[in-house]
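Read the structure below first, then the notes.
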Amino acid sequence: MQSEYREPGDRSADLPSVVAADLLGGPVPRHVACIMDGNGRWASRRGLPRTEGHSAGEAALLDAVEGALELGIPWITMYAFSTENWRRPADEVRYLMGFNESLLARRRDELNDKGVRIRFAGRRDWRVPKRVLRRMDESVALTAGNRRSTLTMAFNYGGRAEIVDAVRSLVADGVPAAKVDEKAIRSRLYYPDQPDPDLMIRTSGEERISNFLLWQLAYSELVFTEVLWPDFRRQHLFEAVREYQRRQRRYGGVA
Ligand code: IPE
Ligand code: IPE
Ligand code: MG
C-alpha cells in the first residue's frame, strides 16, 4: 500500500503510526461496523466527479478488511448503500450499482483466498438490478465455507427496514403478542447469528447513524473520524481500536 502512486493532496500518506501488534494485548472488538462516508467530498476537493470518490473508496475498503484480519476480527460490516441513497441523482445511483457489482467481480477471489466469507444485509427489492443480485449471490456462494472473518456488506440496507422486516416475519408466522420480546425480534433480524458491533466507525466528520444497524448499535462504542473514506487505511482502523480500548463499557450498570 505504502509504495502506491498517490494523487497530489492524497492524505493517506499522513497515517497514524499505531500497528496491529500494539493492540493485541488489549480487548479487540469482535465485530467492527463502518459507515464508509465522504467519497463525494473527497472527489469534489480534487475537482473530480463524485463517482471518482466511490471508486477511490475501493482501496480503503480492502485495506480496512486487511487490517481487521491482522487483528483477528471475526465480524466486519460495511455500509455500502442505504435505503435512502436511492434519493441521489439517477446517474450516481446507476454508477454505485455498477461499481458494487464490478468490485465484487474484481475482489471476490482475493477475499476468498484470505478466508473471508462475504454476506449481504439489505432488501433485495426490484430496484437492485438483477446482474448485481447475481454477482452478490455468486460471491456469497464462492465464500460460504470461509470462517476466518465474515464481511457483511450492508447494501440497500436500512435499520428501520430491517426492524420492519423482522416484525413482518413475526406477524406472518402468527407469533402471539405475548411472545414478542427482544429475543424474538433479534431472531428475525437479517443475521441473528452475528454479535452486535462492539465498535462502529464513521468517517468524514459526520456524527450520525444514518439508519445503520439501529437495533444492533444499542451498546456499541462509536468512533467518528474526520478522515474521508477514500483516505482511510488500516492504521485508521487501528487508531479507532486504540480509542475503543480506552473506553469503559457499562451497559447501564456501574463500573
Ligand atoms: C459514502 O460517500 C458512499 C455512499 C453513501 C454510497 P458519500 O457519497 O456519501 O460522500 P459524501 O458524504 O457526499 O462526501
Ligand atoms: C450513509 O452515508 C450511507 C453509506 C455510507 C452507505 P450518507 O452519506 O448516505 O448519509 P447522510 O445522508 O449524510 O446521513
Ligand atoms: Mg455521505
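Quick notes on this structure:
- Single unsatisfied condition, PRO230 versus (1) open to solvent by 70 Å² or more (accessible area, probe 1.4 Å); (2) closer than 26 Å to VAL65 by Cβ; (3) assigned to a helix (DSSP H, G or I): (1)
- Within the range 196-221, the set of residues being assigned to a loop (DSSP other than H, G, I, E, B), closer than 19 Å to PHE155 by Cα and not polar (S, T, N, Q) comprises ASP196, PRO197, ARG208, ILE209, PHE212, LEU213, LEU214, TRP215, LEU217.
- Looking only at the range 125-174, and only at residues there that are among the hydroxyl-bearing types (Ser, Thr, Tyr) and closer than 16 Å to GLN216 by Cβ, the one that is surrounded by the fewest Cβ atoms within 10 Å (Cβ to Cβ): THR150
- Single residue of the range 179-220 satisfying the filter (in contact with a Pro (Cβ under 8 Å, 6 or more places away or on another chain) and charged (D, E, K, R)) that is nearest to ligand 1 (Cβ to nearest atom): ASP198
- So VAL19, is it touching a helix residue (DSSP H, G or I) at 6+ places or on another chain (Cβ under 9 Å), within 16 Å of ligand 2 (Cβ to nearest atom), more than 19 Å from LEU228 (Cα to Cα) and not acidic (Asp, Glu): no
- Residue that is surrounded by the fewest Cβ atoms within 10 Å (Cβ to Cβ) [pool: residues in the range 240-253 that are under 23 Å from the mean Cα position of the chain (by Cα) and over 10 Å from VAL223 (Cα atoms)]: ARG246
- Any chance GLU182 is closer than 19 Å to SER82 by Cα, out of contact with any helix residue (DSSP H, G or I) (no Cβ under 7 Å at 6 or more places or on another chain) and at pLDDT 95 or above: no
- Selected residue [in a helix (DSSP H, G or I) and in contact with a strand residue (DSSP E or B) (Cβ under 9 Å, 6 or more places away or on another chain)] from TYR190, TYR244: TYR244
- Looking only at the range 80-99, residues that are open to solvent by 20 Å² or more (accessible area, probe 1.4 Å) and under 14 Å from the mean Cα position of the chain (by Cα) come to 1 in all.
- Among the residues of the range 14-41, those identified as within 16 Å of ligand 3 (Cβ to nearest atom), touching a Phe, Trp or Tyr at 6+ places or on another chain (Cβ under 6 Å) and not in a loop (DSSP other than H, G, I, E, B) are ILE35, ASN39.
- Residue identified as more than 14 Å from ligand 1 (Cβ to nearest atom), out of contact with any His (no Cβ under 9 Å at 6 or more places or on another chain) and not polar (S, T, N, Q) among ALA80, ALA21: ALA21
- Residue in the range 99-108 that is farther than 23 Å from ASP37 by Cα and at pLDDT 95 or above present: no
- Unmet criterion (only one of (1) farther than 18 Å from MET36 by Cβ; (2) in contact with a helix residue (DSSP H, G or I) (Cβ under 9 Å, 6 or more places away or on another chain); (3) touching a residue at least 24 places away in the same chain (Cβ under 8 Å)) for THR225: (1)
The values are calculated or read from the model by the stated rules, or taken from the named source; none is laboratory data. Everything quoted here is computed from the prediction, not taken from an experiment. Glycine gets a Cβ as well: all are built from the backbone with ideal geometry, and neighbour counts include every protein chain shown. Protein only, heavy atoms only, side chains kept; ligands, DNA and RNA dropped before computing areas. Shrake-Rupley method; radii C 1.70, N 1.55, O 1.52, S 1.80 Å.
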